[in-house]
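The values are calculated or read from the model by the stated rules, or taken from the named source; none is laboratory data. These numbers come from a predicted model, not from an experiment. Here the Cβ positions follow ideal geometry from the backbone for every residue, glycine too, while neighbour counts run over all protein chains shown. These area figures cover heavy atoms from the full protein model, side chains too; ligands, DNA and RNA do not enter into them. Shrake-Rupley method; radii C 1.70, N 1.55, O 1.52, S 1.80 Å.
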Amino acid sequence: MNEQRTVKVALLGAGSVGSQVARLLLEDGEEFSRRAGAKIELVGIAVRNLDSKRDVELPRELLTTDAENLILQADFVIELMGGISPARELITQALESGADVVTANKALLASHGPELFGIAERVGAQLHYEAAVAGAIPIIRPLRENLAGDRIERILGIVNGTTNYILDRMYSKGDTFEESLRIATELGYAEADPTADIEGYDAQQKAAILASIAFHTEVPLEQVHREGITQVTIEQIDDAKRAGFVVKLLAICERVPGADGAEAISARVYPALVPEAHPLASVHGGNNAVFVEAAAAGPLMFYGAGAGGIQTASAVLGDLVSAARRHVLGGPGLGESMDANLTVLDSGEIRTRYHIALGVTDAPGVLAEVARTFAEHHVSVSTLEQARTEDDHAATIVIVTHLATDGALQRLVESLGELDVVTRIAGVLRVEGGAE
């Protein structure tokens with residue numbers, strides 16, 4: 001190790017992740033220093049309140065409420081405050097001062113990533129964010145570096161542990177959404193206000209980041225279609241199970257043909273049916289997984305803990321050691337490549353398949369009327385099953401379509417709901433991850 005070289009680290013935030021990062025730096029700093037080739041020194045921890053109770057007891061002398069002054073003392077700034085402000089201003093200050101930045105702030109990167117990457121490139125600093133998408137799972141570096149010589153065709157990701165826990169419990173235990181959410185909250189998988197998770201906002205931010213990296217194109221957050229899991233019923237879960245599917249909240253990023261035939265991309269988040277044979281179907285509990293389809297490397301699966309203080313701290317410190325090693329060795333770092341400028345398609349233009357459950361009257365001519373409606377919307381049926389209900393005059397029809405544009409499928413569902421023979425739309429979910 002180069003004994004003459006010391007890299008000074010400022011930590012912003014001492015919550016569940018930040019406190020674990022500080023603990024590991026203090027306890028295992030010598031080991032990290034050997035790996036980096038220089039002494040890594042934690043010079044301070046910026047917090048909002050010096051007296052707040054924390055998961056880890058931290059040296060009082062390291063704590064400060066003056067984040068701006070702390071940044072000026074550092075070669076590296078680790079931002080774990082979360083949110084947009086003041087994180088955006090502090091990261092900007094750190095980059096402008098020439099410090100490298102490590103962050104896990106997915107909301108900030110999804111909304112202001114290009115701005116911050118531009119600052120980093122202009123001043124020759126680095127912005128690292130492995131922990132922003134899938135906690136301890138290494139996915140950012142593989143996409144940016146290991147697969148830089150390949151062509152990413154598609155990414156399917158389970159990137160939110162709360163929703164995966166809820167849907168997995170509904171599937172395995174038969175609990176309702178409400179009951180599964182209650183248990184997830186009791187066990188700490190869900191926050192007191194779970195809106196960001198169950199409505200898909202968290203996964204939407206991560207999808208924007210993944211799509212931007214994979215396709216070298218700026219993908220604004222507002223162009224990522226988002227649906228949550230609050231409308232998923234135990235009836236839909238059971239229908240899916242009988243048909244050989246598992247329901248997962250997916251972040252989907254893929255290359256697709258545009259209307260003019262030119263290459264375009266899509267980024268979207270919604271609950272979807274995944275075939276039981278697909279690797280993502282076996283991701284249980286609060287775990288995350290990212291399934292990457294590359295032209296040369298083929299299918300790749302990244303799996304593990306997507307959240308948690310100590311798990312996310314692992315990814316943060318991985319970025320720190322890697323960046324510190326670059327400082328020791330010298331040379332430019334890896335910049336962001338956003339020059340492909342591919343068009344991001346509206347979700348209605350994407351071709352997908354629907355799994356539709358209809359409540360219908362049990363009478364002659366029902367199937368013919370339903371089939372006629374499908375034909376009017378130019379959507380063909382892949383499979384159809386009919387089951388009687390406890391009511392002798394009613395039945396349930398479960399239909400899986402062939403590929404069609406999402407817009408056409410939505411219009412089809414609206415028209416089906418207007419038929420006299422259809423008593424209710426019992427459930428609609430998209431089908432992903434399987435062959436046509």
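Observations, loosely collected:
- The residues on offer are VAL316, VAL292, and the sole one that is more than 23 Å from GLN236 (Cα to Cα), part of a strand (DSSP E or B) and of a type in the set (Val, Ile, Thr) is VAL292.
- Scanning region 304-313 for residues that are on the phi > 0 side of the Ramachandran plot and in a helix (DSSP H, G or I) yields no hits at all.
- Screening SER111 with (1) surrounded by fewer than 20 Cβ atoms within 10 Å (Cβ to Cβ); (2) hydroxyl-bearing (Ser, Thr, Tyr); (3) farther than 26 Å from VAL219 by Cβ gives one miss only, at (3).
- In the set LEU143, LEU95, LEU108, only one residue is in a helix (DSSP H, G or I), within 20 Å of the chain's Cα centre (by Cα) and free of Cβ contacts under 8 Å to residues at least 40 places away in the same chain; that residue is LEU108.
- Verdict on ILE152 being under 25 Å from MET81 (Cα atoms), open to solvent by less than 50 Å² (accessible area, probe 1.4 Å) and of a type outside the set (Gly, Ala, Ser): no
- Taken over region 195-218, the residue count meeting the criterion of being touching a strand residue (DSSP E or B) at 6+ places or on another chain (Cβ under 8 Å) and open to solvent by 10 Å² or more (accessible area, probe 1.4 Å) is 4.
- Looking across region 104-120, the residues that are in contact with a strand residue (DSSP E or B) (Cβ under 9 Å, 6 or more places away or on another chain) and either farther than 17 Å from SER322 by Cβ or of a type outside the set (A, V, I, L, M) (or both) come down to ASN105, LEU108, LEU109, GLY113, LEU116, PHE117, ILE119.
- TYR165 vs. criteria closer than 25 Å to PRO279 by Cα, among the aromatic types (Phe, Trp, Tyr) and open to solvent by 50 Å² or more (accessible area, probe 1.4 Å): no
- Tally, over region 259-289, of residues that are of a type outside the set (A, V, I, L, M, F, W, C), touching a helix residue (DSSP H, G or I) at 6+ places or on another chain (Cβ under 8 Å) and outside any strand (DSSP E or B): 3
- Any chance GLY365 is out of contact with any helix residue (DSSP H, G or I) (no Cβ under 7 Å at 6 or more places or on another chain) and either among the aliphatic types (A, V, I, L, M) or open to solvent by less than 50 Å² (accessible area, probe 1.4 Å) (or both): yes
- Some residue of region 320-342 being assigned to a strand (DSSP E or B), without any contact (Cβ under 8 Å) to a residue 12 or more places away in the chain and over 30 Å from ASP175 (Cα atoms): no
- Members of region 123-140 found to be assigned to a helix (DSSP H, G or I) and surrounded by 19 or more Cβ atoms within 10 Å (Cβ to Cβ), listed by number: ALA131, ALA132, VAL133, ALA134, ILE140
- Only a single item in (1) at pLDDT 95 or above; (2) out of contact with any Gly (no Cβ under 6 Å at 6 or more places or on another chain); (3) hydrophobic (A, V, I, L, M, F, W, C) is not met by ALA192, and it is number (1).
- The condition (being within 17 Å of the chain's Cα centre (by Cα), open to solvent by 30 Å² or more (accessible area, probe 1.4 Å) and more than 30 Å from THR195 (Cβ to Cβ)) is satisfied by just one residue among LEU221, LEU300, LEU329: LEU300.
- Pair list, Cβ < 9 Å and 6+ apart or interchain, from region 232-259 residues that are within 26 Å of GLU218 (Cα to Cα) to residues that are open to solvent by 50 Å² or more (accessible area, probe 1.4 Å) and part of a loop (DSSP other than H, G, I, E, B): LEU249/GLU227; ARG255/ARG151
- Boolean, THR103 is surrounded by fewer than 22 Cβ atoms within 10 Å (Cβ to Cβ), in contact (Cβ under 8 Å) with a residue 24 or more places away in the chain and under 28 Å from the mean Cα position of the chain (by Cα): no
- Region 171-194, residues that are without any contact (Cβ under 8 Å) to a residue 60 or more places away in the chain, open to solvent by 40 Å² or more (accessible area, probe 1.4 Å) and within 22 Å of the chain's Cα centre (by Cα): THR185, LEU187, GLY188, GLU191, ALA192, ASP193
- Unmet criterion (only one of (1) open to solvent by 10 Å² or more (accessible area, probe 1.4 Å); (2) in contact with a strand residue (DSSP E or B) (Cβ under 9 Å, 6 or more places away or on another chain); (3) touching a residue at least 40 places away in the same chain (Cβ under 8 Å)) for ALA371: (3)
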